[in-house]
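What follows is a single structure, written as structure tokens, with notes after it.
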Amino acid sequence: MLYSVNSLPTHLVVGVGKSATSWIWKQLEDCPEISTAANKEVHFFNKNFQKGLNWYRSQFLPNKIVVDNTPDYFSLGDAYKIKKTLPYAKTLVCLRNPIDRAFSQFKYHRFIRIIDLKKSFIDIWKSDVHRIKSLGIYPDVLKEYILFFENNFSTLFYDDLKNDPESFILNLYDFLGVENHKSKYFDDKWMPRIADDKKKLEEYEKINKNIQLTKNDKNIMIDFYKNHINETSKIIGRDLSSWMN
């Protein structure tokens, strides 16, 4: 079977996990000018590279804009591999307060039962299970993407999505170069394996009902992340001091 070269991604959403990447995927999936992978995450550059470009093409339908939305690409070394394979592609990351991001990952991993439910959040975070701690260290990976993609790299922020979703989506579509499109999923909350399933959402809320981020836990995390947050702020040119409040 032959695949059109146009089915290779023109844009990639490379991260960060638990920073609205599933919600972003649903908006893009509903846009007629955009093709996305049916299962959201392709993992070509970090898990499936040996399968080759024909396999990669087969994950998408040709369209004006083809987007690979795989948050795990926010890792050292992936920017170089993407640039070498797709030299004209554009990349996008959505950043979130690393403290909130880690806590969100913890709750989701409790829901899908891939961490010990008896262990506390801070113990899981300290041990960096599933990179729950290190995924919030942004500077070095940001520097790599900026180095290789320069003006073809853009940063969005989870805070902006929460505060002004209409402007957030406008900025997203502007970067993609498509007309503004209000998705039918715009007002929904999307998480993998939950989607719009009310029973699963109720289960998620039930299992995390008594889970809280304590002041002591937050202070420990602020002490760890503060230098990384300050450096991220300098790289991006945006005041991120609110992440430490």
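The values are calculated or read from the model by the stated rules, or taken from the named source; none is laboratory data. Keep in mind the model is a prediction, meaning the values are calculated, not measured. In this analysis, Cβ positions are derived from the backbone assuming ideal geometry, glycine residues included, and neighbour counts consider all displayed protein chains. Quick note on the areas: whole protein, heavy atoms, side chains included, nothing else; ligands and nucleic acids left out. Shrake-Rupley method; radii C 1.70, N 1.55, O 1.52, S 1.80 Å.
Numbers below:
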read-out	value
Search result, residues across segment 117-145 that are touching a strand residue (DSSP E or B) at 6+ places or on another chain (Cβ under 7 Å) and either more than 26 Å from K189 (Cβ to Cβ) or assigned to a helix (DSSP H, G or I) (or both)	Y145
Identity of the residue in segment 226-245, open to solvent by 50 Å² or more (accessible area, probe 1.4 Å) and not in a helix (DSSP H, G or I), that ends up modelled with the lowest pLDDT	N245
In segment 46-72, residue nearest to P32 (Cα to Cα) [restricted to those that are among the aromatic types (F, W, Y) and either open to solvent by 20 Å² or more (accessible area, probe 1.4 Å) or in contact with a Phe, Trp or Tyr (Cβ under 6 Å, 6 or more places away or on another chain) (or both)]	Y56
Selected residue [open to solvent by 50 Å² or more (accessible area, probe 1.4 Å) and part of a helix (DSSP H, G or I)] from F168, F148, F175	F148
Flag if L213 is closer than 30 Å to P9 by Cβ and out of contact with any Lys or Arg (no Cβ under 6 Å at 6 or more places or on another chain)	no
Near pairs, Cβ below 7 angstrom, 6+ apart or cross-chain, from segment 149-177 (within 21 Å of S242 (Cα to Cα)) to any residue that is surrounded by fewer than 18 Cβ atoms within 10 Å (Cβ to Cβ) and among the aliphatic types (A, V, I, L, M)	T155/I236
Residue ID - farthest from the chain's Cα centre (by Cα), chosen from residues in segment 15-48 that are of a type in the set (V, I, T) and within 21 Å of S58 (Cβ to Cβ)	I34
Residues of segment 197-213 classified as touching a residue at least 12 places away in the same chain (Cβ under 8 Å) and under 20 Å from K133 (Cβ atoms), total	3
Failed item in (1) open to solvent by less than 30 Å² (accessible area, probe 1.4 Å); (2) under 17 Å from the mean Cα position of the chain (by Cα); (3) of a type in the set (F, W, Y), with W125 passing the rest	(2)
Residue within segment 217-230 that is in contact (Cβ under 8 Å) with a residue 24 or more places away in the chain, closer than 19 Å to A79 by Cβ and touching a Lys or Arg at 6+ places or on another chain (Cβ under 9 Å) present	no
Among (1) open to solvent by 70 Å² or more (accessible area, probe 1.4 Å); (2) in contact with a helix residue (DSSP H, G or I) (Cβ under 8 Å, 6 or more places away or on another chain); (3) assigned to a loop (DSSP other than H, G, I, E, B); (4) closer than 22 Å to P32 by Cβ - the single one H181 does not satisfy	(1)
Residues within segment 43-69 that are of a type outside the set (S, T, N, Q) and farther than 14 Å from T10 by Cβ, tallied	9
In segment 134-145, residue most open to solvent (accessible area, probe 1.4 Å) [restricted to those that are within 15 Å of P71 (Cα to Cα) and of a type outside the set (A, V, I, L, M, F, W, C)]	S134
